[in-house]
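Encoded as structure tokens, the structure appears first; notes follow it.
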Amino acid sequence: MPEDSEVFDPALFAEAPPTPLDPTEVFDAEPAAAPVGTHLEREHEPRFDGDTSALPPEVCWTLQELVAAPHLTDKAKKHWAIVLQYEQVLRSRLSELGLLLEVNREHRYAFTRQADDPSPHSRTILRTRTLSLAASALALHLYQQYLVAPDDPVVSTSDMIDHMFAYKRATDTDAAAFDKKIRTAIKSLDDASIIQPIRGTDRYLILPVITAILTADRVEALTDTYTAIARGDIGTAGEEDDDE
């Protein structure tokens, strides 16, 4: 049975507040259908003392967001517009750091991942976040929920808790401790930007990037793990703490 870190180890996530941009300011008076990268030669003011970048500031900020944030979606309209306009330029800059750009136009999100560079001189840029068995069990459930209702991927805290209590052993009489572990798992998915709290409610939006994190191979491996839990072959999904 694979270790949890082998089947669910997204090396993508580090939180950073979105930087407000306005694509109408970036591309004013430019042809809307111009090919990617044609606006790089326009003159721009340095962003700071010593700035020697040849890229417009808005592209630099989007590049920073792709490195620092877990992912970005079309909800960050200014960054998303830059990704679509300068995709090849951003790919090139990221590859210089040993990073690959993933752009999903169907679900409208983008993120970077660490390239598998065999050179001993290569350095790891992205922070690795490993989810506990409880968090990955919950992520699998949310992935299935997202596939059922991709247009309305909302889940309540109580629904997540109810689902996870199915993994509680009958001999485990400490319901409060188990509930705490579930809430820790929920928080870890929130911290990893797999779910997003809906302000003023106890509900969460399941973010489309979950379809990239849980590939078919990972879904199969996690399903095997939780089938083993159901048979009692291994411990329950609530027995581990989160490991970041």
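The values are calculated or read from the model by the stated rules, or taken from the named source; none is laboratory data. This structure is a prediction, so every number in the text was calculated from the model and none was measured. FYI the Cβ positions are ideal-geometry reconstructions off the backbone, even for glycines, and counts take in every protein chain you see. Ligands, DNA and RNA are stripped out before the accessible areas are found, and what is left, the full protein with its side chains, is counted by its heavy atoms. Shrake-Rupley method; radii C 1.70, N 1.55, O 1.52, S 1.80 Å.
Taking Lys and Arg as +1 and Asp and Glu as -1, the other residues whose beta-carbon sits under 14 Å from that of residue 96 total +2. By the Stokes-Einstein formula, at 1.002 mPa s and 20 °C, the range 72-219 with its Kirkwood radius over alpha-carbon pairs has D equal to 124 µm²/s. Protection proxy ranking of 76-83, 115-122, by the mean of other Cβ atoms within 10 Å over each peptide's residues and highest first, is 76-83, 115-122.
For residue 143, the accessible area of its heavy atoms, probed at 1.4 Å with every protein chain present, is near 40 square angstrom. Per-residue surface analysis assigns residue 154 an accessible area of about 50 Å², computed on protein heavy atoms at 1.4 Å probe radius. Estimated at the nearest 10 Å², the accessible area of residue 147 is 100 Å² with a 1.4 Å probe. Could you please report the charge total around residue 108, scoring K, R as +1 and D, E as -1 over all other residues with beta-carbon less than 11 angstrom from its beta-carbon? Here the charged neighbours net out to +1.
What separates the Cα centres of the range 148-176 and the range 46-71 is a distance of 41 Å. Taken over the Cα atoms of the range 57-138, the convex hull encloses 121 Å³ per residue.
In what order, largest first, do 106, 65, 220 sit by accessible area if the probe radius is 1.4 Å?
Values: 106 150, 65 15, 220 115 Å².
Most to least solvent-accessible, the answer reads 106, 220, 65.
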